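Inspection log for the structure reproduced underneath, given as structure tokens.
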Amino acid sequence: MGEIRAALAEAARDLAGVSDTARLDAELLMAQALGTTRDAVLLRHLSDPVPDGFVALVERRRAGEPLAYITGTRDFWTITLKVGPGVLIPRSDSETLIEAAVRHFAGTAGPRRVLDLGTGPGTLLLAALAEWPGATGLGVDMSATALDYARANAAALDLPATFVEGDWAAGIDGRFDLVLANPPYIADDDPDIAADVRAFEPGEALFAADSGLAAYRAIVPDLPRLLGDGGVAVLEIGWRQGEAVAAMVRAAGLSARVVHDLGDRPRAVVVT
């Protein structure tokens, strides 16, 4: 079978056409095949024989399957989440929403009640609860599959979250200190969406009608009744949608400002 060192080099070459991080992907797939960590692979196993199953994992990745679906996990903010087919894979750009919330609550005890609309595998909600241990949270999603992952993640992280199946904020009572949402915002006919994303990730979590704005038209009118005194909502947006979503917020009687991600693209609208 050969040594792991050579297998990693060959896998990186094979994956160069489908991934911008081909070597990293190969190392993470090797760690998955060995049942260990990437650091352990690099520090202790490079001279070991290639494990059974590694080639099959590389083939799945070369066919375009997302790395997170193959390994079954994705790191986000300070937590690691279980993910799989049927749930949106957390992106580092979405950490912009948590960063905006941290800035809003700086110098305070933080939020006590957190609402996450379109929670997926619990990404934003569980990151917020890990950030503010005194908070409790409610996550809403239309997908039973996503909610199964979210409940499993909350249990694994031992975080006080409740999850319900629902249509955005319809039927949700009470007020919250922090409202988070990463709704579908890609236009149905967007030509820039990556082929592997379109092929593998759930379309209902990605695509929206009305040039990608349909979900905001459902969410924004409920924000005045959902936000408590001193509360904030942070909504993820597509980079072209900042002004359109901010205008909806202002029409609802609230203040809005657009914040940028690490790539300096508009990424979220902060609502107060």
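The values are calculated or read from the model by the stated rules, or taken from the named source; none is laboratory data. The structure displayed is predicted, hence computed values, not measured ones. Methodologically, a virtual Cβ is constructed for each residue, glycine included, from the backbone with ideal geometry; neighbour enumeration extends over all protein chains shown. The protein model used for the area step is the full one, side chains on, heavy atoms only, and it has no ligands, DNA or RNA in it. Shrake-Rupley method; radii C 1.70, N 1.55, O 1.52, S 1.80 Å.
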task: Any chance you could count how many residues in the range 6-20 are open to solvent by 70 Å² or more (accessible area, probe 1.4 Å) and either modelled with pLDDT of 95 or more or farther than 18 Å from ARG74 by Cα (or both)?
output: 3
- request: Under 7 Å between Cβ atoms, at least 6 apart or on separate chains: pull out the pairs that start in the range 5-22 with a residue that is in a loop (DSSP other than H, G, I, E, B) and end on any residue that is of a type in the set (D, E, K, R) and open to solvent by 30 Å² or more (accessible area, probe 1.4 Å).
  value: VAL18/ARG62
statement: Screening GLY253, GLY238, GLY228 for residues that are over 13 Å from ALA181 (Cα atoms) and either aromatic (Phe, Trp, Tyr) or in a loop (DSSP other than H, G, I, E, B) (or both) leaves only GLY253
- request: Can you tell me which residue among VAL232, VAL269 is touching an Asp or Glu at 6+ places or on another chain (Cβ under 8 Å), among the hydrophobic types (A, V, I, L, M, F, W, C) and farther than 30 Å from GLY72 by Cα?
  value: VAL232
query: Can you find a residue in the range 208-225 that is of a type outside the set (Asp, Glu), open to solvent by 20 Å² or more (accessible area, probe 1.4 Å), touching a residue at least 40 places away in the same chain (Cβ under 8 Å) and touching a helix residue (DSSP H, G or I) at 6+ places or on another chain (Cβ under 7 Å)?
result: no
field: Residues being open to solvent by 10 Å² or more (accessible area, probe 1.4 Å) and either among the hydrophobic types (A, V, I, L, M, F, W, C) or in contact with a strand residue (DSSP E or B) (Cβ under 6 Å, 6 or more places away or on another chain) (or both) - total across the range 101-123
entry: 9
task: Mind telling me which of the residues ALA199, ALA233 ends up being in contact (Cβ under 8 Å) with a residue 12 or more places away in the chain and outside any strand (DSSP E or B)?
output: ALA199
statement: Contact list, first residue from the range 245-265 and free of Cβ contacts under 8 Å to residues at least 24 places away in the same chain, second anywhere and open to solvent by 90 Å² or more (accessible area, probe 1.4 Å) and not small (Gly, Ala, Ser), beta-carbon distance below 8 Å, six or more apart or interchain, is ALA246/ARG257; ALA256/ARG250; VAL258/GLU243
In the range 176-192, the residues that are over 10 Å from ASP116 (Cβ atoms) and either at pLDDT below 95 or not in a loop (DSSP other than H, G, I, E, B) (or both): ASP177, ILE186, ALA187, ASP188, ASP189, ASP190, PRO191, ASP192
- prompt: What tally of residues in the range 154-168 results from selecting those that are assigned to a loop (DSSP other than H, G, I, E, B) and in contact with a Leu (Cβ under 6 Å, 6 or more places away or on another chain)?
  reply: 2
- request: Scan the range 153-170 residue by residue and report those that are in contact (Cβ under 8 Å) with a residue 60 or more places away in the chain and open to solvent by less than 40 Å² (accessible area, probe 1.4 Å).
  value: ASN153
Only one of ASP173, ASP148 that is open to solvent by 30 Å² or more (accessible area, probe 1.4 Å) and outside any helix (DSSP H, G or I): ASP173
field: Of residues in the range 63-96 being more than 13 Å from the chain's Cα centre (by Cα), open to solvent by 20 Å² or more (accessible area, probe 1.4 Å) and of a type in the set (A, V, I, L, M, F, W, C), the one farthest from ASP148 (Cα to Cα)
entry: ALA63
task: Filter the range 185-196 down to residues that are in contact (Cβ under 8 Å) with a residue 40 or more places away in the chain and either in contact with a His (Cβ under 8 Å, 6 or more places away or on another chain) or over 20 Å from ARG267 (Cα atoms) (or both), then give me how many there are.
output: 2
message: Just to be sure before I move on: is GLU236 within 14 Å of ILE98 (Cα to Cα) and among the charged types (D, E, K, R) in the structure I sent?
response: yes
query: Which of (1) assigned to a helix (DSSP H, G or I); (2) surrounded by fewer than 19 Cβ atoms within 10 Å (Cβ to Cβ); (3) of a type outside the set (A, V, I, L, M, F, W, C) does GLY134 not meet, given it meets every other one?
result: (1)
